[in-house]
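The values are calculated or read from the model by the stated rules, or taken from the named source; none is laboratory data. Keep in mind it's a predicted model, so treat the numbers as computed, not measured. Heads up, the Cβs are rebuilt from the backbone with ideal geometry, glycines too, and the neighbour counts pull from every protein chain shown. Remember, those area values only see protein heavy atoms, side chains included, never the ligands or the DNA or RNA. Shrake-Rupley method; radii C 1.70, N 1.55, O 1.52, S 1.80 Å.
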Amino acid sequence: MAKIEHTERGAELVTDDGLRLHLDFVNDRLKYQRPHRGKSELIAKAIGLSKGFHQVWDLTAGLAEDAWFLVRLGAEVTAFERQPLIAELVEDARQRAARAPETAELAARFSLRAGDAIEILRALQKGSGPEVIYLDPMFSFEKKKTALPRKEMQIFRSVVGADADASDLLREALRVAKDRVVVKRPLKEPPLLEGLQHRFEGTTIRYDLYNPKL
Ligand SMILES: C[S@@+](CC[C@H](N)C(=O)[O-])C[C@H]1O[C@@H](n2cnc3c(N)ncnc32)[C@H](O)[C@@H]1O
């Protein structure tokens, strides 16, 4: 069983075999401070940042790489995470970013809700959510391409498992979102549900766009 340890660096996820996972939104130049091309990033186009959509719920926070990236691109993001250890790791990183002068303004536009987004959204009225809902469910382990280093992905996958209920999550997102729902998928895999409005294709992944009003 993995557990959280609190060290001078903040919360760290530690596995039985001693592997450690720690998130640093402030200083990690590979994952959380990598350079970006602003609103011409594919994810920015999929979310519709240049069309004026800024309010985003990310229903699958994971290690919050996408959520933090969207915050850096100007969005206001509420992220949801159901795996309690991962949620604790992200919340700890968010709090440290809120205390650092260079990221305090960004952290103020990022919040985390620990819990299952399917259950949380089920309690909401149709169309009562944010402008945009974003999902990046865990894909089958063998096929999913990722930028995370091997060791970190190994730890993450051992704790989280597969998201077999991803299409239920998408159905709830479509019921609750106001303007658009965006799903990140491996480029060659079929969409989670039929009824796509558009695909934004990258080299290994794509963003599927759904219109909740259709
Ligand atoms: C592939 S990861 C997301 C990675 C993330 N986009 C990033 O940039 O780090 C999927 C995450 O979504 C979480 N998740 C899946 N279904 C969820 C649900 N219904 N509610 C909340 N979290 C969920 C999983 O626990 C996992 O941590």
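Observations, loosely collected:
- Using the average count of surrounding beta-carbon atoms within 10 Å as a protection proxy, the listed peptides 56-69, 124-137 rank, highest first, as 56-69, 124-137.
- Approximate spin-label separation ALA162-LEU19, in nm, with each point projected 7 Å along Cα-to-Cβ: 1.8 nm
- Relative to the dominant Cα principal axis of the chain, helix 150-160 is inclined by about 70°.
- ILE205 long-range amide H proximity, modeled H, under 5 Å: LEU187
- Pairwise label distance in nanometres, ARG109 with MET138, each label 7 Å out on the Cα-Cβ vector: 3.0 nm
- Cβ-Cβ distance of LYS178 and GLN33, R₀ of 41 Å, FRET efficiency by 1/(1 + (r/R0)^6): the value works out to about 0.85.
- Placing +1 on the Cβ of every Lys and Arg and -1 on the Cβ of every Asp and Glu, with nothing else charged, gives the stretch 3-210 a dipole about its Cα centre of roughly 740 debye.
- Across the stretch 3-210, Cα pairs under 8 Å and at least six residues apart give a relative contact order of 19 percent.
- The chain: angle of helix 84-99 to the longest principal axis, Cα-based, in degrees nearest 10: 80 degrees
- Taking other residues whose beta carbon is less than 12 angstrom from the beta carbon of ARG175, and scoring Lys, Arg as +1 and Asp, Glu as -1, yields +3.
- Among ALA123, ALA164, ALA108: highest mean-square fluctuation, GNM of the chain, C-alpha pairs under 10 Å: ALA123
- Gain on full extension, evaluated as 0.36 nm per residue between GLU5 and MET153 minus their Cα-Cα distance, stands at 51.4 nm.
- Whether the stretch 1-137 is rounded, prolate or oblate, judged on the alpha carbon gyration tensor where a/c under 1.5 counts as rounded: oblate
- Carbon + sulfur, % of accessible area of the chain - ligands and nucleic acids excluded, 1.4 Å: 50 percent
- Rolling a 1.4 Å probe over the protein chains gives ARG72 an accessible area of about 50 Å².
- Hypothetical label at GLU102: residues of the stretch 1-43 whose amide nitrogen lies under 16 Å (7 Å Cα-Cβ projection): 24-36
- Inter-probe distance in nm under a simple model that places probes 7 Å from Cα toward Cβ, at GLU194 and LYS51: 2.3 nm
- Accessible solvent surface per residue of the stretch 3-210, calculated while the other protein chains remain in place, 1.4 angstrom probe, Å²: 48 Å²
- Were the residues from GLU201 through LEU214 laid out at 0.36 nm apart, the gain over their Cα-Cα distance would be 2.5 nm.
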